Amino acid sequence: MTIGQQHPRRPVSLPAVLLLACAMLSGCATLAQSIETPDVTIAGLRLMEAGFSRQVYELDLNVGNPNPIPLPVRGLAYRIQLAGEEFAAGETVSAFTVPANGEAGFSVSITTDLLRSLSGVQRMIEQRDQVLTYQIGGELQVNLPFVKALPFSKTGEIDLANAYRY
């Protein structure tokens, strides 16, 4: 073949293209089915601002990834109960990556109102010598093809003497 000549094109068979497409799609579907639920826990709680009409907390969360691949998280929807009472609910769009078989932490700012500040939970938090039970649930939105939001739910305890920091 001399310079300037083109290689003859081979026709691509339709069955070969369809077989390749099916293999790729089944691989992605298998990935979506094999993703295990991450473990989301409360790691700390800090009162950042206290006023008559509102209180602002910073809540430290930890995400454990039991999967052999990293989880690129693009957001989190959550609902938190402390001592059986509704404490906070919301969404965050903070992006972070949880390493394969690893953990990553991040913080969420939570604002409570006057009514919530009158609750027993608020008084327990202010005393800082309590162990509170918590329940956290929600969904992690991940940036992986064909993977829907990953639901999570966890019940645990938070020791306010160790977790409450300014």
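The values are calculated or read from the model by the stated rules, or taken from the named source; none is laboratory data. Here the structure is a predicted model, which is why all the values come from computation and not from measurement. With ideal geometry, Cβ positions are generated from the backbone for all residues, glycine too; neighbour counts draw on all protein chains shown.
Tabulated data for the structure shown
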quantity	calculated
Candidate set: the range 47-84, residues that are of a type in the set (Lys, Arg) and either in contact with a His (Cβ under 8 Å, 6 or more places away or on another chain) or more than 15 Å from Tyr134 (Cβ to Cβ) (or both); chosen: the one surrounded by the most Cβ atoms within 10 Å (Cβ to Cβ)	Arg74
Qualifying residues in the range 99-114 (those that are part of a strand (DSSP E or B) and of a type outside the set (Gly, Ala, Ser)) - the one farthest from Leu140 (Cα to Cα)	Asp113
Answer residue from the range 129-166, given it is part of a loop (DSSP other than H, G, I, E, B) and surrounded by 15 or more Cβ atoms within 10 Å (Cβ to Cβ) and is modelled with the lowest pLDDT among those	Gln130
Of residues in the range 62-98 being among the polar types (S, T, N, Q) and either within 26 Å of Leu160 (Cα to Cα) or outside any strand (DSSP E or B) (or both), the one modelled with the lowest pLDDT	Ser94
Every pair of residues 6+ apart whose Cβ atoms lie under 9 Å, when the first sits in the range 74-91 and is touching a residue at least 40 places away in the same chain (Cβ under 8 Å) while the second is among the acidic types (Asp, Glu) and loosely packed, with under 15 Cβ neighbours inside 10 Å	Gly75/Glu91; Leu76/Glu91; Ala77/Glu91; Tyr78/Glu91; Arg79/Glu86; Ile80/Glu86
Count of the range 30-46 residues which are surrounded by 13 or more Cβ atoms within 10 Å (Cβ to Cβ), modelled with pLDDT of 90 or more, under 15 Å from Pro70 (Cβ atoms) and not β-branched (Val, Ile, Thr)	1
Within the range 38-61, considering residues that are hydroxyl-bearing (Ser, Thr, Tyr) and not in a loop (DSSP other than H, G, I, E, B), the one farthest from Lys148 (Cα to Cα)	Tyr57
